[in-house]
Amino acid sequence: MRIETPQQLTRLRKDCLARFNRHPQKIHVCCGPGCLANGAQKVSDELKKVIKKKRLKGFSVDALKETGCHGFCEQGPLVVVEPAGTFYTRVKVKDVEEIIDKTIRRKEVLERLLFTDPQTGEKIENYRDIPFYARQQRIALRNIGQISQCDIDEYIAVDGYQALAKALKKMSPQDVIDEVTTSGLRGRGGAGFPAGRKWSTCARADDSPHYVICNGDEGDPGAFMDRAIMEGDPHSVIEGMIIAAYAVGAHEGYIYVREEYPLAVVNLQKAIEQAHEYGLLGDGILSSDFSFDVHVSRGGGAFVCGESSALMKSIAGEVGEPRAKYVRSVLKGLHDKPTVLNNVESYANVPVIIDKGGKWFSAIGTKKSTGAKAFSLVGKVRNTGLIEVPMGTTLREIIYDIGGGIQNDRPFKAVQTGGPSGGCLPESKLDLPVDFDTLTEAGSMMGSGGMIVLDDHTCVVDLAKYFLAFLVDESCGKCVPCREGLYQLYGLAVAISEGRGTEADLDKMEKLSDTIVISSLCGLGKSGPNPFLSTIRYFRDEYLAHIRDKKCPAGVCRELIRYEVDPQKCDGCMACITACAQNAITGKKKEVHTIDQDACDKCGACLAVCKRDAILVL
């Protein structure tokens, strides 16, 4: 049916809410990519099968919801029983019947499936009591895990599209812009530019037509915040875009999704179709004189197309190359027309800002970085996954309180933020508040929200080399400083990692980095040297160890290490002999083994399988 008025939307919301709550108990199965990879779809299918077979009174298959990513990827597949909030981790198909018989039918809790706090050893039943969730404040991620992945009725049941109705019927375009400006919302894609200022400039532009674009080209390694929103709550993005289009006078928009996110494309297209059916997209939305339509545009996998002007070129069917920054996209963007571009998370915040008010949003976070920010917390941390915390939360709180600390109680070394163009911050910076300006001052950046935790087994020279290699591959090659400068910077990092570097090379790298930052055409080149600049700033001694001592303190760079067997710890179990593909390890059972240094290719397989810590890295 087509929704013509806000009153009709309100009545529909009541009907949707009644259907949403008609079951006294509900089962939420996380069907985010991490859980799906571990068998969540099989668990969900088995739940449906068993529910049908059991024919429980007041409980049907409709009570099962396949939701987006719950965030706690480390513990998947995840099953949550509501309203009790019973949180089951690493659920297998064999557990399904017992969940139905005991938890649904008898209200009993299966202790073996509960989350165990790695710091206290305590079993926690309700997910709201788990530090990973309890210390978050979800705004952009508010609906993910609570509603089915792509169901407009469930989105409407949780107040979806109410903000759109409010904007169209009670606010002028300038009122919307003023509210977003009051909120202090800054672009969550990395640049942190004030959204209100961007929208205001575009709205005043004389040229027409105007466009609205959503940047879903989340290319940073280890980042998946936008992916989770597009897959698990696509209507929040669409609603935010419609409100933005109303504010700036646009009637057409695009969601640019990277090729590697096929489920996001499917769910967005479903959501667009559903919005059309309800008259929330298309002509005369809610019987107003405002019309808007949105299309999904698929990227080709180029990292540089995350840059605004390159992205617009790609949408237009041209080669995805950036252009000079003095050409402002709010005045000359897509097809050289005024264009507002924000990322997925930014648009997902807009309905909440319009609904609750800009002052409510600005009261969260810090004065210059308001609201909350979603991060993908990955690496050598116990609780990996997707989180959202108020701006200003410290790195220590994120890594230790939410993340549960470092795996295997290893020493913390650094945290890499901001993706390939970000930087590494050492232990001395753990108490820094996470916001746009503080991270930049410390030599890193917010980026889109990737956060990789590193322990003492990580070599910062190797890390810088890895990210520089990534950026060399992803450079579009349009400008010389980026195309040639990053290539030369990478070559010098390789030489140092192999023990061929000199202290003079460090001076060359620092001067070269300055040149690249100053003269590159776009953000990829200007921030490209950051992996080196941040690591040399905080870990110069480690670079010097590679150069002067020809040693890799972390035991990572192959050319600078060797493996030996500790005769005091080796009990001759033969695990290392079995694992060695080069036949470089010899020895009899229950006798001390030895490693032939000429045959060893330093792959580390022996170190990985030895349970006695008998392999020394020298």
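Here are the numbers:
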read-out	value
Failed item in (1) on the phi > 0 side of the Ramachandran plot; (2) within 37 Å of the chain's Cα centre (by Cα), with residue 587 passing the rest	(2)
Hey, residue 281 without any contact (Cβ under 8 Å) to a residue 60 or more places away in the chain, under 27 Å from residue 222 (Cα atoms) and surrounded by 20 or more Cβ atoms within 10 Å (Cβ to Cβ) or not	no
Residue count, the range 439-465 (criterion: free of Cβ contacts under 8 Å to residues at least 40 places away in the same chain and either surrounded by fewer than 18 Cβ atoms within 10 Å (Cβ to Cβ) or polar (S, T, N, Q) (or both))	2
Only one of 222, 189 that is within 30 Å of residue 464 (Cα to Cα) and surrounded by fewer than 18 Cβ atoms within 10 Å (Cβ to Cβ)	222
Listing of helices (runs of 4 or more DSSP H) fully contained in the range 166-254 that carry 2 or more residues being among the polar types (S, T, N, Q)	173-183, 195-204
Condition check for residue 163: in a helix (DSSP H, G or I) and in contact (Cβ under 8 Å) with a residue 12 or more places away in the chain	yes
Qualifying position, being buried (at least 24 other Cβ atoms within 10 Å of the Cβ), farther than 28 Å from residue 531 by Cβ, among the small types (Gly, Ala, Ser) and assigned by TED's automatic domain parsing to the domain that holds residue 157, among 196, 216, 232	232
Qualifying positions in the range 111-128 - out of contact with any Gly (no Cβ under 8 Å at 6 or more places or on another chain), under 17 Å from residue 78 (Cα atoms) and surrounded by fewer than 17 Cβ atoms within 10 Å (Cβ to Cβ)	111, 112, 116, 123
Matching residues in the range 466-508 - criterion: being of a type in the set (A, V, I, L, M), without any contact (Cβ under 8 Å) to a residue 40 or more places away in the chain, closer than 19 Å to residue 310 by Cα and surrounded by 15 or more Cβ atoms within 10 Å (Cβ to Cβ)	472
Among (1) in contact with a Cys (Cβ under 6 Å, 6 or more places away or on another chain); (2) surrounded by fewer than 16 Cβ atoms within 10 Å (Cβ to Cβ) - the single one residue 583 does not satisfy	(1)
Neighbours by Cβ (under 9 Å, 6+ apart or cross-chain): first from the range 171-194, without any contact (Cβ under 8 Å) to a residue 40 or more places away in the chain; second surrounded by fewer than 24 Cβ atoms within 10 Å (Cβ to Cβ) and β-branched (Val, Ile, Thr)	194/181
Unique residue being in contact (Cβ under 8 Å) with a residue 60 or more places away in the chain, surrounded by fewer than 20 Cβ atoms within 10 Å (Cβ to Cβ) and closer than 27 Å to residue 587 by Cβ when the list is 559, 564	559
Selected residue (criterion: modelled with the lowest pLDDT) from residues of the range 448-465 that are small (Gly, Ala, Ser) and in contact with a Pro (Cβ under 9 Å, 6 or more places away or on another chain)	450
Criterion (assigned by TED's automatic domain parsing to the domain that holds residue 216, surrounded by 22 or more Cβ atoms within 10 Å (Cβ to Cβ) and under 21 Å from the mean Cα position of the chain (by Cα)) met by exactly one of 329, 297, 308	308
Single condition residue 499 does not satisfy, out of (1) on the phi > 0 side of the Ramachandran plot; (2) part of a helix (DSSP H, G or I); (3) of a type outside the set (D, E, K, R)	(2)
Residues that are part of a helix (DSSP H, G or I) and either free of Cβ contacts under 8 Å to residues at least 60 places away in the same chain or touching a His at 6+ places or on another chain (Cβ under 6 Å) (or both), drawn from the range 11-33	11, 14, 15, 18
Odd one out for residue 41 among (1) surrounded by 17 or more Cβ atoms within 10 Å (Cβ to Cβ); (2) part of a helix (DSSP H, G or I); (3) modelled with pLDDT of 95 or more	(1)
Inter-residue pairs, beta-carbon under 7 Å, first among the charged types (D, E, K, R) and in the range 528-550, second assigned to a loop (DSSP other than H, G, I, E, B), 6+ apart	537/443; 542/553; 550/499
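The values are calculated or read from the model by the stated rules, or taken from the named source; none is laboratory data. Predicted model, so just to flag it, every value in this text is computed and none were measured. Here the Cβ is made from the backbone with ideal geometry for all residues, glycine too, and neighbour counts use every protein chain on show.
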